[in-house]
Structures are given as C-alpha cells and as structure tokens.
Amino acid sequence: MTATVPSEGTTLASHDAPLEAPCSAPESAPQSDSASTRGSYWITTFGCQMNKADSERMAGILEAMGYTVGSDEHSADLVLYNTCTIRDNAEQKVYSYLGRQALRKRANPHLTLVVAGCVAQQEGEALLRRVPELDLVMGPQHANRLDTLLTRVKSGQQVVATDEHHILEDITTARRDSAVCGWVNVIYGCNERCTYCVVPSVRGREQSRLPEAIKAEMERLAARGFKEITLLGQNIDAYGRDLPGITPEGRRAHTFTDLLHHVHDVAGIERIRFATSHPRYFTDRLIDACADLEKVCEHFHIPFQSGDDEVLRAMARGYTVDRYRRIIDRIRQRMPDAAISADVIVAFPGESNAQYRRTLALIEEIGFDQVNTAAYSPRPNTPAADWPDQLEEAVKVERLQELNALVEIQARRRSARYLGRIEQVLTEGVNPRDAAQLMGRTRTNRLTFFPAVDRHGLPPQPGDLVEVRIEAVRAFSLSGTQA
Ligand code: SAH
Ligand code: SF4
Ligand code: F3S
C-alpha cells in the first residue's frame, strides 16, 4: 500500500491520519517474469486529490514494470515522493523526508530515489543540486511517463522532467487505493491567476480530457465493481474550454454540465461527485443538472477564500461575496439538504481585522458542513508574495485558531441535523481503528460508522449501499446502526 500524508491542499474531507483505504488489484497485472528483478517500491503522497490520483497511476505503472509494493519507505528499492507546494510547510516537509533517504542512498547506491509532483516542478534542477542523491525529478505532467523516465535512470542518468508536456491519455494502469471509490481526472492544470496560488505555475495550462475517454475510464471502473466516482479538476468548471466546438445555440460544445449528462448513465456507478468548483464559473445550469441527475451527490465543494470583496479583488478571484451567496441560495432552493464545503485563507497580505471578521461572518451565515482553512503562505512566482503588507506570524496563528474553532462549531451544528435520520451509506470498508465497525459516507459526504453485522448476521461488503439510522453525531462524522 502507498501512504498518504495529511493533506496540504483541497480535500473533500480532511484526514488527520494516513489513509488506510482497502487495496485493490492493479488494473493491469504485473509482468511476472520481471517481478523478481525489479524489487519493491514505496510511494508517499502529499497534497490534494490530483496528487493522489497521479500516485495511483504511477503505482500502476511501477507494477506493470514488475515492481512490487514494499512494506515501508525504509526498506523499499524505489522510493517516490509525490510532493505538494501549496504552502511553505508542505514544501519543507519533503526536504526532511529526502534528507533521510539521501543517507540511505549513500549506504545503498542501488536505491532509486524519485521526487514527483509540485515541488519537483517548482524546483526542477535546483532540487538535484540540493539533494544530489536523487535519480529522478519529475513534474506532474510527466506522471504517465514514469516508465520511460525510469528507463533513462536505469541507463545511468540523473533525469529532470519538468518541461511543459501534453498529458498522455494512457492512464489505464492505475493501482487504486480503494475498490469502491475512484478518482477520474477530467481537466488538468489551471488557467486562473489567483495572486496567492502556485498551482498554475506547477500544474501548467488547462488540458481537458475528451468526454469519451472519461466515460470509458468510468466504464472500466464500473466493470471492476467501483460504485462511486469523483471527477477531478483544480477548476472543474473550466472543463472543455480548451476543447474545440460550438453548439448551434452558440455556446461551448463541451462544458462540465454536458459532461455530467454524458457520463451519468454508466451502469454500476451509483454515485458521482466532483471537485473543485470555482464560484466565478459555477452556473445555474450546473446546479439544475446536479438536482436533476440522480447519481450526482448533494455535496458541493466551492472555495470562497475570503468573506470580503476587497480581499477577493486583491486575490483576483473574479467574484463578490454576494455572488457566492446567490450560488449557495440557489443550491439550497433546489437541494435543501445539500452539504456545502469550502476552502478559506486568512491573513492574506493587507487583510484588516474588519475584513477577517467578514470571513467569520460569512461562515456563520452560510453554515458550512466542512471548511479547509489555511493561513496565507507566500509562494514562489506569485504576485502576493512580493507585496509589502505581509501580516505577522502571530496574527496568522491567532486568526487561524479562532477560525478553526468556528468551523468546528458550524460543522457540529450541521451534523446535528442527521440525528435520528436514516441515511444511505456506501460501505467503503472496515474502520481502521475498530474492526467491529464498518465505515462509509452519506451522499452528503459525512463519514459514517456502523457495526459490521446486520440482522441476519451477515456484514455488508465494501460497495454495498446500506440504510443507517444515525444515533450519534460528531463535528465531522456520524455513527448508527443498520435500519
Ligand atoms: N483550485 C481550487 C483550490 C486549489 S489549492 C480553488 O480555486 O479554490 C487548495 C487550497 O489551498 C485553496 O483553495 C486555498 O484555500 C489554499 N491555498 C492556495 N494557495 C495558498 C497560499 N499561498 N497560502 C495559503 N493557502 C493557500
Ligand atoms: Fe489556484 Fe486559483 Fe487555480 Fe484554484 S483557481 S488552483 S486557487 S490559481
Ligand atoms: Fe499541492 Fe500541487 Fe495539489 S501544490 S494542492 S499537490 S496541485
């Protein structure tokens, strides 16, 4: 199994421990003749779902090459860190991991050391100068080329692959960490220019996959028993902007709403989710599609970043607080029970106390089910990093703590509405902390625990949809028994 380090980026749900999702077989079988010669691999993943999805594909490629998954990063023959640089602490974490592996490599020159993902893209060759023991530094656009790059490493080269690259469609070999819920990328990259954000410079320009390729991947997953698909993009509402075609009515031929309609009827898939939405582009048409299409779950992850219009303007987000409110109102008109989650940044350069208070007020007003919070962190090659009005660390810490307390109170309030209700839960597996309990999620994405038996003594299996009567509620999870 690969390890996932607590998220530094946007997540549908926060995990404060490495994910222990059930493992499934790789989509293509390892070639047994080479398995004994390649050795073992270990992947540690930092960051957002894009990185997790990339790691699953890279694990699939390694297994197709004949590597077998190792037991830990201290003994594996190939160690790959898939890195995140969304904030400085995410980036720094990688260097401490690399320091330990560099020591190992000095004692064992056969160890292959790979840094992939967003720090790799940001630092490129500089990373080789900093950690000369590295064999391969590869940006996210090169994830599907891992086999080619490793072949060059095996011929004795140190390789840096960070050039702008058209992402190869060959993603059929992913080794999925779950056998029930799968990620499916729909658009890579981001063309926005939020003034704080490093993502466009490390993930490159938007590249949409073709609707047919997305649907075909979902069909393959359905055939293997997957029940839930999360469609992924940094700015999923941008889907299709880069694909050619205009409809007779004069609108883009490929929008995210069209895509939802296109993939909705994949037999066997019971639930469809998506992330991340951008308030600038979120349309009423999309809300209507989510309300009308039965498999699309009533959970919306729509980051708002700040509750103050001036700060939003400085962030170059392209919407006002009022527009955000109208989107949420419209969602709730059509789907009154919908769960809403978001990302928010406090202590952006120049943010006054009054502006910060408006963020708190918006959180109170909306009543979010979950909010990913962060204090602003200056990032390389982003405009806001050079602005003179940076706030002090103490202000960042104070605002973040107060914000987190409010987020938890709100989440607790939102959880309370489930008490006594019967919720449909998709069984994902056994609770890693209590083998007598199964766990899954409601359609609204609340983690739910329930006993691993039913009235007939037969426990539900991963992939089963069960009705659970909710008997206990906590801020970010629920418990109950099968109804
Ligand atoms: N594409 C998504 C988010 C991508 S990054 C969007 O547009 O909302 C995930 C989250 O990290 C962001 O929503 C933001 O809240 C946070 N983030 C990004 N850059 C940051 C920075 N420099 N400092 C602190 N938080 C940041
Ligand atoms: Fe970053 Fe903005 Fe793109 Fe989101 S939309 S990834 S915050 S630049
Ligand atoms: Fe991090 Fe890269 Fe995702 S910077 S949040 S892993 S896009």
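The values are calculated or read from the model by the stated rules, or taken from the named source; none is laboratory data. Here the structure is a predicted model, which is why all the values come from computation and not from measurement. Cβ placement follows ideal geometry from the backbone for every residue including glycine, while neighbour counts extend to all protein chains displayed. When the accessible area is computed, the model is the full protein with side chains, heavy atoms only, and any ligands, DNA or RNA have been set aside. Shrake-Rupley method; radii C 1.70, N 1.55, O 1.52, S 1.80 Å.
Filtering segment 331-348 to residues that are within 16 Å of ligand 2 (Cβ to nearest atom) and open to solvent by 10 Å² or more (accessible area, probe 1.4 Å) leaves D343, I345. Reported count of residues in segment 369-415, each being small (G, A, S) and away from ligand 1 (no atom under 11 Å from the Cβ), is 4.
Being open to solvent by less than 20 Å² (accessible area, probe 1.4 Å) and not small (G, A, S) is the filter here; which residues of segment 397-422 pass it? Result: L403, V407, Q410, Y418. Just to be sure I understand the filter: pairs with C-beta atoms under 6 Å, separated by 6 or more residues or on different chains, first member in segment 177-193 and over 20 Å from H165 (Cα atoms), second member polar (S, T, N, Q) and away from ligand 1 (no atom under 16 Å from the Cβ). Which pairs pass? So the pair list comes out as A179/S24. Just one residue in the set R325, R317 is over 24 Å from the mean Cα position of the chain (by Cα) and among the basic types (K, R); that residue is R325. Here the condition is being under 29 Å from V468 (Cβ atoms) and within 16 Å of ligand 3 (Cβ to nearest atom); of N404, N431, N372, N381, it holds for N372 alone. In the set D237, D242, only one residue is on the phi < 0 side of the Ramachandran plot, assigned to a loop (DSSP other than H, G, I, E, B) and acidic (D, E); that residue is D242. The single residue among E73, E63 that is within 27 Å of T230 (Cα to Cα), crowded, with 19+ Cβ neighbours inside 10 Å, away from ligand 1 (no atom under 16 Å from the Cβ) and of a type in the set (D, E, K, R) turns out to be E63.
Conditions tested, residue by residue: (1) of a type in the set (S, T, Y); (2) crowded, with 17+ Cβ neighbours inside 10 Å; (3) touching a Pro at 6+ places or on another chain (Cβ under 7 Å).
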site	(1), (2), (3)
G225	no, no, no
I236	no, yes, no
T255	yes, yes, no
A267	no, no, no
I272	no, yes, no
A275	no, yes, no
P279	no, yes, no
A289	no, yes, no
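If a residue has to be open to solvent by less than 30 Å² (accessible area, probe 1.4 Å), under 23 Å from F226 (Cα atoms) and either of a type outside the set (G, A, S) or near ligand 1 (Cβ under 9 Å from one of its atoms) (or both) to count, how many in segment 188-215 make the cut? Residues that pass the stated criteria total 4. Does R433 satisfy being within 17 Å of C297 (Cβ to Cβ) and of a type in the set (K, R)? For R433, the condition - within 17 Å of C297 (Cβ to Cβ) and of a type in the set (K, R) - is not met. Would you say R326 is of a type in the set (D, E, K, R) and in a helix (DSSP H, G or I)? Considered against the rule, which asks whether it is of a type in the set (D, E, K, R) and in a helix (DSSP H, G or I), R326 comes out as yes. Within segment 300-315, the set of residues being within 12 Å of T276 (Cβ to Cβ) and not in a loop (DSSP other than H, G, I, E, B) comprises F300, H301, Q305.
Taken together, the residues in segment 414-433 that are at pLDDT below 95 and among the charged types (D, E, K, R) amount to 1.
When we screen I86, I61 for residues that are under 22 Å from the mean Cα position of the chain (by Cα) and within 12 Å of ligand 3 (Cβ to nearest atom), the only hit is I86.
Somewhere in segment 350-358, is a residue within 16 Å of ligand 3 (Cβ to nearest atom) and surrounded by fewer than 20 Cβ atoms within 10 Å (Cβ to Cβ)? Checking segment 350-358: not a single residue is within 16 Å of ligand 3 (Cβ to nearest atom) and surrounded by fewer than 20 Cβ atoms within 10 Å (Cβ to Cβ).
Would you confirm whether any residue within segment 299-309 is within 21 Å of the chain's Cα centre (by Cα), touching a residue at least 40 places away in the same chain (Cβ under 8 Å), away from ligand 1 (no atom under 11 Å from the Cβ) and open to solvent by 40 Å² or more (accessible area, probe 1.4 Å)? No, because not a single residue in segment 299-309 is within 21 Å of the chain's Cα centre (by Cα), touching a residue at least 40 places away in the same chain (Cβ under 8 Å), away from ligand 1 (no atom under 11 Å from the Cβ) and open to solvent by 40 Å² or more (accessible area, probe 1.4 Å). Of the residues making up segment 252-282, just one is without any contact (Cβ under 8 Å) to a residue 24 or more places away in the chain and closer than 26 Å to G440 by Cβ, namely D265.
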